[in-house]
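These notes are about the structure you will find just below.
The values are calculated or read from the model by the stated rules, or taken from the named source; none is laboratory data. The structure presented is a predicted model; accordingly, all values stated were derived computationally and were not measured. As a convention, Cβ positions derive from the backbone with ideal geometry for all residues, glycine included, and neighbour counts pool all protein chains shown.
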Amino acid sequence: MLNRIKYELFSLLRNKIVVFWLMGFPVILGTLFFVAFGSLADSEQDYSDIPVAVIKRTETPEGFDQMIKALSETDNSDSEDKPLFDIVTEDEKKAKELMEKGELQAIIYVDGNISLEVPEGAGIKSGIVKSVLDSFKSRYEIISAAAVSNPEKMPQIIKAMEQETNYIRSESNSANYDPYVQYFYNLLAMSGLFGSMMGMYCAINHQANLSALGARVEISPVSKFGDIISSLIATLLIHNIFLNIASAYLVYILGIKFGVPFWVIIVVNLLSSVLGNSLGCFIGSIGGLKDVIKNAILLACSLGLCFLSGLMFGGMRLLIEESFPLFNRINPAALIVDCFYSLCVYGSYEKIISNIAILLIWCALLLTGSMIMTRKRKYKSI
Amino acid sequence: METVVKVERLVKRYKELIALDHLELDIKEGEIFGLLGPNGSGKTTAINCILSLLTYDKGEISVFGKKLCAEVKRNIGVVMQNVAVLNELNVRENIDYFCGLYISDKALRKQRVDEAIAFAGLEGFEKFRPKKLSGGLLRRLNIACGIAHKPKLIIMDEPTVAVDPQSRNRILEGIEELNRQGATIIYTSHYMEEVEQICSRIAIIDKGRNIAEGTKQELKKLIKNTETISVEAAGLTDEQIDAARSMPHVYECRYDGKALTLLYSGGKHNLTRLLDYMHNEEIPMGRVYSLLPTLNDVFLEITGKELRD
């Protein structure tokens, strides 16, 4: 197996097309983004003091006022820390006027339920407000359930929620998020999904009905599963090295502030690489399709998913979130982007973990599908 | 001699098309067994079934007396019709990669790779990548990749397609050398002279059936023609042509105004008899040819002359 891995590595490293698309392309496109968006390294977008109106039509739910208070006040008046929210008004009419003028990022309504109104073409700041509210609502449901089942523990639960709110607030304030950095998140997601090209050839080169090379391998005594695994190990290794070199170039040479530690980038790169290769392996394993068609499907998948996660248009993910949020929960490109985004903006690893879990499920499904399709040793026709 | 490959009543269908129709083959140890047949006759399908790449509808196949398994596969080498090498690896690396599928011991593999390079005449090209090789060298690399692990059974599916005569000769000599070293070889080709040159036994397949099998001599006995004599002679009269036609063992006589061609079925001294007649009649003659039947004649007579796909 080591001999096969060694030669697969040589083969991939010498393949100029592979090197270009997996390392050259993100480096070139990253540089173009960098030039197009100006010197991002120096830009410091302020995501504090987001102007928000809170309209209370009914009594607020338990903990809501504490959360709003925590997010709209600083701990220390001498501190340079600014609060996340600036509660501009609690008057509905005035709030509407301010929103029309573009001076308000969100109106939070409390009317038995908690709802949100954001201006047309809502941006990152509105997204931050939405995420904070979503987080609160999910915790509120947990607390409500706990209040019924364990009312004696309510003080501890509320205290825990307050701590959580403070955590969100402090992390949100310290996050160094630039609105253009999401293009770089998308770039890494796309580079990860481009691994599908290698995954596809990995599958094709090991099946007698798809290539002469596959036939030569299949008539040898090596196990088919072991052979594909050795190939996948080599492609994953190369892909990750390329991805991490490209990432290091973006972070350390161009100075792009991803807002996350580099080890997180390495972990997410690994996952996106596994996902890309699994996707390619799956498409490559489909019998009866020509290589050109498989290539076209892969390219459409990679670019399409990246487009929907905001590669070409930054507001796309938010648009999808408003109209079809489930898609953002299952779109692998959006999940990869969200791993960076959520950690950068909210400082929370919780979202990353759930995203990673979904990505792993994707990988497992795609690899299982590939194995089912390729497990046959004999073919009806070649 | 022990049987190396035995195919019994093999049937393979592609929907309505019967690719193999109760095919029978019995290939003995130490043979170079030629598999001949027109396009679409079922040669490659038969090989793919033997190699267990294709499913089949009926029949039995055994290799070295067993069903194909990893242990049996270790002793099989295949040279595919299409060149199957990795374009990013050089000659030595390619041979080592494919040899590594059979031999894990590094030292033994190195020895085998060196031998394969020498055998295929690829010395001096070890560092070349496939794209830098000529068509002949590429074919030789393809062969080296298939035989480097020294298999006991080598299956070669048209290994000399699109190869120049020099490279072809080199390949054929190599195949004979492999056979001398003890390998049993199954060889398919469209080139009759190749098969005639190297194969000890030949099967002619048509429409999925084994329609003739034997040595070259045995196959040649299956057809009517035993000798073809052609004499350049202008201005023969009808009487002279009729006289030639009525000579013993002549079954066909053609005259185009310049040359007389007689096809014989058996008989001895046919040429002497014809030349005596021409001499007695004082017919001026140019060049005289006497041709024995070739495998090509056998092939065309058995499989017919109509075009195939």
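Answer yes or no: is there a residue in region B:134-146 that is surrounded by 19 or more Cβ atoms within 10 Å (Cβ to Cβ), touching a helix residue (DSSP H, G or I) at 6+ places or on another chain (Cβ under 6 Å) and closer than 30 Å to B:HIS22 by Cα.
Within region B:134-146, none of the residues are surrounded by 19 or more Cβ atoms within 10 Å (Cβ to Cβ), touching a helix residue (DSSP H, G or I) at 6+ places or on another chain (Cβ under 6 Å) and closer than 30 Å to B:HIS22 by Cα.
Tell me which of these A:SER231 doesn't satisfy, since it passes every other one: (1) within 14 Å of another protein chain (Cβ to nearest Cβ); (2) in a helix (DSSP H, G or I); (3) of a type outside the set (Lys, Arg); (4) surrounded by fewer than 22 Cβ atoms within 10 Å (Cβ to Cβ).
(4)
What's the number of the only condition in (1) part of a helix (DSSP H, G or I); (2) in contact with a Phe, Trp or Tyr (Cβ under 9 Å, 6 or more places away or on another chain); (3) away from chain B (no Cβ under 11 Å); (4) crowded, with 22+ Cβ neighbours inside 10 Å that A:ILE256 fails to meet?
Unmet for A:ILE256, out of (1) part of a helix (DSSP H, G or I); (2) in contact with a Phe, Trp or Tyr (Cβ under 9 Å, 6 or more places away or on another chain); (3) away from chain B (no Cβ under 11 Å); (4) crowded, with 22+ Cβ neighbours inside 10 Å: (1).
Looking at A:VAL110, A:VAL88, A:VAL118 in this structure, which one is touching a helix residue (DSSP H, G or I) at 6+ places or on another chain (Cβ under 6 Å) and at pLDDT 80 or above?
A:VAL118
So which residues in region A:193-209 are within 18 Å of A:LEU367 (Cβ to Cβ) and either within 13 Å of chain B (Cβ to nearest Cβ) or more than 33 Å from the chain's Cα centre (by Cα) (or both)?
Listed by number, the residues that qualify are A:MET198, A:TYR201, A:CYS202, A:ILE204, A:ASN205, A:HIS206, A:GLN207.
Can you tell me which residue is surrounded by the fewest Cβ atoms within 10 Å (Cβ to Cβ) among those in region B:254-266 that are in contact with a Gly (Cβ under 9 Å, 6 or more places away or on another chain) and not aliphatic (A, V, I, L, M)?
B:GLY257
Yes or no, residue by residue, for (1) at positive phi; (2) surrounded by 13 or more Cβ atoms within 10 Å (Cβ to Cβ); (3) in contact (Cβ under 8 Å) with a residue 24 or more places away in the chain; (4) among the aliphatic types (A, V, I, L, M):
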residue: B:PRO248; (1), (2), (3), (4): no, no, yes, no
residue: B:GLU252; (1), (2), (3), (4): no, yes, no, no
residue: B:LYS268; (1), (2), (3), (4): no, no, no, no
residue: B:TYR277; (1), (2), (3), (4): no, yes, yes, no
residue: B:ILE283; (1), (2), (3), (4): no, yes, yes, yes
residue: B:SER290; (1), (2), (3), (4): no, yes, yes, no
residue: B:LEU300; (1), (2), (3), (4): no, yes, no, yes
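Could you tell me whether A:ILE245 is surrounded by fewer than 23 Cβ atoms within 10 Å (Cβ to Cβ), free of Cβ contacts under 8 Å to residues at least 12 places away in the same chain, out of contact with any Gly (no Cβ under 6 Å at 6 or more places or on another chain) and of a type outside the set (Ser, Thr, Tyr)?
no
Based on what the data block shows, is B:ALA70 surrounded by fewer than 17 Cβ atoms within 10 Å (Cβ to Cβ) and either among the aliphatic types (A, V, I, L, M) or touching a Gly at 6+ places or on another chain (Cβ under 8 Å) (or both)?
Against the criterion (surrounded by fewer than 17 Cβ atoms within 10 Å (Cβ to Cβ) and either among the aliphatic types (A, V, I, L, M) or touching a Gly at 6+ places or on another chain (Cβ under 8 Å) (or both)), B:ALA70 qualifies.
From the list A:LEU326, A:LEU366, A:LEU343, A:LEU335, which one is assigned to a helix (DSSP H, G or I) and surrounded by fewer than 15 Cβ atoms within 10 Å (Cβ to Cβ)?
A:LEU326
What is the one condition in (1) surrounded by fewer than 21 Cβ atoms within 10 Å (Cβ to Cβ); (2) over 14 Å from A:ARG216 (Cβ atoms); (3) within 19 Å of the chain's Cα centre (by Cα) that B:PHE64 does not satisfy?
Failed condition: (3).
Residues being at pLDDT below 90 and aromatic (Phe, Trp, Tyr): count how many of those fall in region B:1-49.
So the answer is 1.
Within region B:199-221, track down each residue that is touching an Asp or Glu at 6+ places or on another chain (Cβ under 9 Å) and within 19 Å of B:MET80 (Cβ to Cβ).
If the condition is that a residue be touching an Asp or Glu at 6+ places or on another chain (Cβ under 9 Å) and within 19 Å of B:MET80 (Cβ to Cβ), then no residue fits.
Determine if region B:116-134 includes at least one residue that is of a type in the set (Phe, Trp, Tyr), in a helix (DSSP H, G or I) and more than 23 Å from B:LEU36 (Cβ to Cβ).
Yes, because at least one residue in region B:116-134 is of a type in the set (Phe, Trp, Tyr), in a helix (DSSP H, G or I) and more than 23 Å from B:LEU36 (Cβ to Cβ).
Per-residue answers, yes or no, for (1) out of contact with any helix residue (DSSP H, G or I) (no Cβ under 9 Å at 6 or more places or on another chain); (2) farther than 21 Å from A:ARG317 by Cα; (3) hydroxyl-bearing (Ser, Thr, Tyr); (4) modelled with pLDDT under 70:
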site	(1), (2), (3), (4)
A:VAL129	yes, no, no, no
A:SER135	no, no, yes, no
A:PRO155	yes, yes, no, yes
A:THR165	no, yes, yes, yes
A:ILE168	no, yes, no, yes
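I'd like to check something: does region A:34-48 contain any residue that is within 14 Å of another protein chain (Cβ to nearest Cβ), touching a Ser or Thr at 6+ places or on another chain (Cβ under 8 Å) and either modelled with pLDDT of 80 or more or in a loop (DSSP other than H, G, I, E, B) (or both)?
No, because not a single residue in region A:34-48 is within 14 Å of another protein chain (Cβ to nearest Cβ), touching a Ser or Thr at 6+ places or on another chain (Cβ under 8 Å) and either modelled with pLDDT of 80 or more or in a loop (DSSP other than H, G, I, E, B) (or both).
Please go through region B:86-113 and pick out each residue that is in contact with a Cys (Cβ under 6 Å, 6 or more places away or on another chain) and more than 18 Å from B:GLY124 (Cα to Cα).
Within region B:86-113, B:PHE98, B:ARG109 qualify.
Yes or no, residue by residue, for (1) of a type outside the set (Ser, Thr, Tyr); (2) modelled with pLDDT of 85 or more:
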| residue | (1), (2) |
| --- | --- |
| B:TYR191 | no, no |
| B:ILE198 | yes, yes |
| B:ILE202 | yes, yes |
| B:ASP206 | yes, yes |
| B:LEU219 | yes, no |
| B:THR226 | no, yes |
| B:ASP242 | yes, yes |
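Conditions tested, residue by residue: (1) crowded, with 20+ Cβ neighbours inside 10 Å; (2) in contact (Cβ under 8 Å) with a residue 24 or more places away in the chain; (3) closer than 12 Å to B:ILE32 by Cβ.
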{"residue": "B:ILE154", "(1), (2), (3)": "yes, yes, yes"}
{"residue": "B:VAL195", "(1), (2), (3)": "yes, yes, yes"}
{"residue": "B:ILE198", "(1), (2), (3)": "no, yes, yes"}
{"residue": "B:ILE204", "(1), (2), (3)": "yes, yes, no"}
